[in-house]
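The values are calculated or read from the model by the stated rules, or taken from the named source; none is laboratory data. Worth saying up front: this structure is predicted, and the values here are computed from it rather than measured. Cβ: placed from backbone, ideal geometry, glycine included. Neighbour counts: every protein chain shown. Side chains are part of the model used for accessible areas, which takes the heavy atoms of the whole protein and leaves out ligands, DNA and RNA. Shrake-Rupley method; radii C 1.70, N 1.55, O 1.52, S 1.80 Å.
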Amino acid sequence: SIFLGGLKFKRQQFSKDIAGTHTVMLILAVIAIMTPSLFAHQIPASVRNAENPSIWSLSLAVSGLLIAIYGGSLLYALKTHQELFRDGEEEERESPTWSKRKAYLILSLSTLGVAWESEMLVHAVQPTVQALHLNMLFVGVILIPIIGNAAEHATAIVMAMKNKMDVTLNICVSSST
């Protein structure tokens with residue numbers, strides 16, 4: 001998105017505060033994800049498996065911590081420091097054309113549709129992987145996230161093409177986080 005936005009605009013700017021916040025979130029996520037793996041590699045191979053109570057407990061604790069950190073980051077961005085995360089173009093906002101009730105209904109129906117499609121995708125992965133002789137790790141770590149976040153990627157590109165780099169970075173990094 002930055003590359004394509006740079007083709008249209010010679011100079012693009014973003015807030016260093018927002019970028020710093022996102023950087024810290026990504027670093028915390030990487031550390032948290034690596035912690036159970038590093039711990040697991042330090043215990044004897046004979047007891048190293050996902051059902052090991054020590055690994056299981058650590059994984060659950062890290063998961064809870066990640067949820068708390070993510071919740072804290074939402075509170076930070078949406079309540080306590082929302083002025084940092086505003087786009088700076090408040091006067092350009094369009095008035096809503098849908099009522100709140102209609103918007104919530106559409107959002108709920110969209111969520112149900114995505115959940116249904118996700119179920120179909122999950123059930124179709126195994127036969128597809130076997131038929132195409134793909135590596136399951138590649139499909140799970142690379143292919144599905146790219147396909148699943150295609151709308152976010154497209155939105156990030158559109159925002160970069162409109163020279164809204166803070167929004168672009170927010171979309172890209174929040175998706176990763």
If you go through His41, His81, the only one that is open to solvent by 70 Å² or more (accessible area, probe 1.4 Å) and at pLDDT below 90 is His41
Give the stretch 1-24 a look and list any residue that's touching a residue at least 24 places away in the same chain (Cβ under 8 Å), among the hydrophobic types (A, V, I, L, M, F, W, C), open to solvent by 80 Å² or more (accessible area, probe 1.4 Å) and farther than 16 Å from Thr155 by Cα, or say none.
Phe14
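Can you tell me how many residues within the stretch 148-157 are over 8 Å from Ser1 (Cβ atoms) and open to solvent by less than 70 Å² (accessible area, probe 1.4 Å)?
Restricting attention to the stretch 148-157, the residues satisfying the condition of being over 8 Å from Ser1 (Cβ atoms) are 148-152, 154-155.
Pick out the ones that are also open to solvent by less than 70 Å² (accessible area, probe 1.4 Å) and you get 148-150, 154-155.
Adding up the residues that qualify gives 5.
Within the group Val122, Val129, Val167, which residue is over 13 Å from the mean Cα position of the chain (by Cα), more than 30 Å from Gly5 (Cβ to Cβ) and open to solvent by less than 60 Å² (accessible area, probe 1.4 Å)?
When all the criteria are applied, what remains is Val129.
Return yes when Lys102 is touching a Gly at 6+ places or on another chain (Cβ under 9 Å) and either modelled with pLDDT under 85 or surrounded by 10 or more Cβ atoms within 10 Å (Cβ to Cβ) (or both) and no when it is not.
Working: touching a Gly at 6+ places or on another chain (Cβ under 9 Å): no; either modelled with pLDDT under 85 or surrounded by 10 or more Cβ atoms within 10 Å (Cβ to Cβ) (or both): yes.
In short, no.
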Those residues of the stretch 159-170 that are in contact with a Ser or Thr (Cβ under 6 Å, 6 or more places away or on another chain) and either hydrophobic (A, V, I, L, M, F, W, C) or free of Cβ contacts under 8 Å to residues at least 40 places away in the same chain (or both) come to a total of 2
